[in-house]
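Derivation of every value follows stated rules applied to the coordinates shown; laboratory data play no part. Predicted model only: the values in this text are computed from it and were never measured. Cβ: placed from backbone, ideal geometry, glycine included. Neighbour counts: every protein chain shown.
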Amino acid sequence: MRLILHHWDTDGVTSAAILVKALGLEDFTNLTAPIGEFRFDERIWDAIEKAEKLYVLDFNVPNEVERVKVPTLFIDHHTQPKIENPLVEQVNPSLEGRHYPSCSLVVSEHFGLFNAWTALGAVGDIGERAFELEWVDRLLKQERLSREEALRLVELIDSNYIAMDREGVEEAVRVLLSHPLKKLLEYEPWVKKAEAIRDAIEGAVSNAGERNGFAIVHFESPFNIISKVARKLVWEMGYKGAVVVNEDFHGKAQIYFRISGEEAGRINMAEVIERVRALGTNAGGKREVLGCVCGRDKIEDVLAIIEEYLR
């Protein structure tokens, strides 16, 4: 059995489709990890035991791959260490200091197969900035896809993971392989998910409060939309920052704190992350973002820290 493990977003799905097409695979299994978790769960390890060849695409888990015992092709574009496992062939331009906008481009270069899926992977990972790349525009035009249609396709493919539908993510690879891209703009299962997600985002944004130029939002949703709500408030609506709280995300709380570029010079986000992590939460982020998953009983403690920085 050929086993493909891929990330749950558009770049991971398109990378898997490119690999299947390039190798002409008819008999394969493709799986994604539990959405939001960078690890191999029991379901994946069981499948690896039965595989004769493993492909890992756009999934930054070098520590997991060190443990595999079957021949593996590991293709990625994220920063990561060199994998020592002799059974693993690691293809990643970042090891040579080269930055690629998507794994789909790395897969396409490796196999010499470029199409609109390659472009969609980049649009999925870096958004509208992808249209500044000549090859993205060229590959989309070959498929007669407009920029708006490319963005819509990314929204539709991503609706599976935002809805936390792991099986939907896995099925998306076969859907991509069996439908013309234009037809997928009307693919009903994805359209319905995307509409429900849009409604949830709009509902959250419309209930935003404001404090000292920062948006404050509390809501409950099974959809993984906190980052999209925060981006809309900061990037589109012009708030200095946004504190977004999903108070019941499958029994846990999600807290997301995004600030504008101007506020990044005033607020030390690394310090915020460390303080929130010291509460025993699963927290991480970067210069302008804090993301946190915690027990619902810790919401007030996390917000108390964040609010110190809003004054």
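Averaging the Cα positions of each part gives two centres, and for segment 28-70 and segment 272-304 these lie 28 Å apart. For the chain, the membrane-span-like helix rule (DSSP H, alpha carbon extent of at least 18 Å along the helix axis, mean Kyte-Doolittle at least 0.0) picks out 10-23, 166-178; this says nothing about an actual membrane.
What the Cβ-Cβ distance of R266 and I126 gives, at R0 = 41 Å and to the nearest 0.05, is a FRET efficiency of 0.95. Subtracting the Cα-Cα distance of Q142 and D248 from their residue separation scaled by 0.36 nm leaves 33.8 nm.
Amide H to amide H distances under 5 Å link F40 with no residue, where only residues 5 or more positions off or on other chains count and H is placed in the peptide plane.
As a calculated quantity, the FRET efficiency between S178 and K53 at R0 = 22 Å, using C-beta atoms, amounts to about 0.45.
The simple spin-label model puts a point 7 Å past each Cα toward its Cβ; for D297 and V70 those points are separated by 4.2 nm. Please compute the length gained on full extension between E288 and E274, using 0.36 nm multiplied by the number of residues separating them and subtracting their Cα-Cα distance. Residue separation times 0.36 nm, minus the Cα-Cα distance, leaves 3.6 nm. Geometric descriptor of segment 2-186, per residue, is 110 Å³ (volume of the convex hull of the Cα atoms). Indicate the gyration tensor shape class of segment 206-308 (rounded, prolate or oblate), computed on the Cα atoms with a ≥ b ≥ c the square roots of the eigenvalues: a/c under 1.5 is rounded; otherwise a/b larger than b/c is prolate and the rest oblate. Oblate, because a/c is 1.5 or more while a/b does not exceed b/c.
With the cut-off at 1.5 for a/c, could you classify segment 115-251 from its C-alpha gyration tensor as rounded, prolate or oblate? In terms of gyration-tensor shape, oblate. Which residue, N246, N85, N224, tops the fluctuation ranking in a GNM of the chain built on C-alpha contacts under 10 Å? Greatest mean-square fluctuation among the candidates belongs to N85. Annotation: amide H-H contacts under 5 Å for F249 (H modelled 1.01 Å from N, sequence separation of 5 or more, or interchain): Q254.
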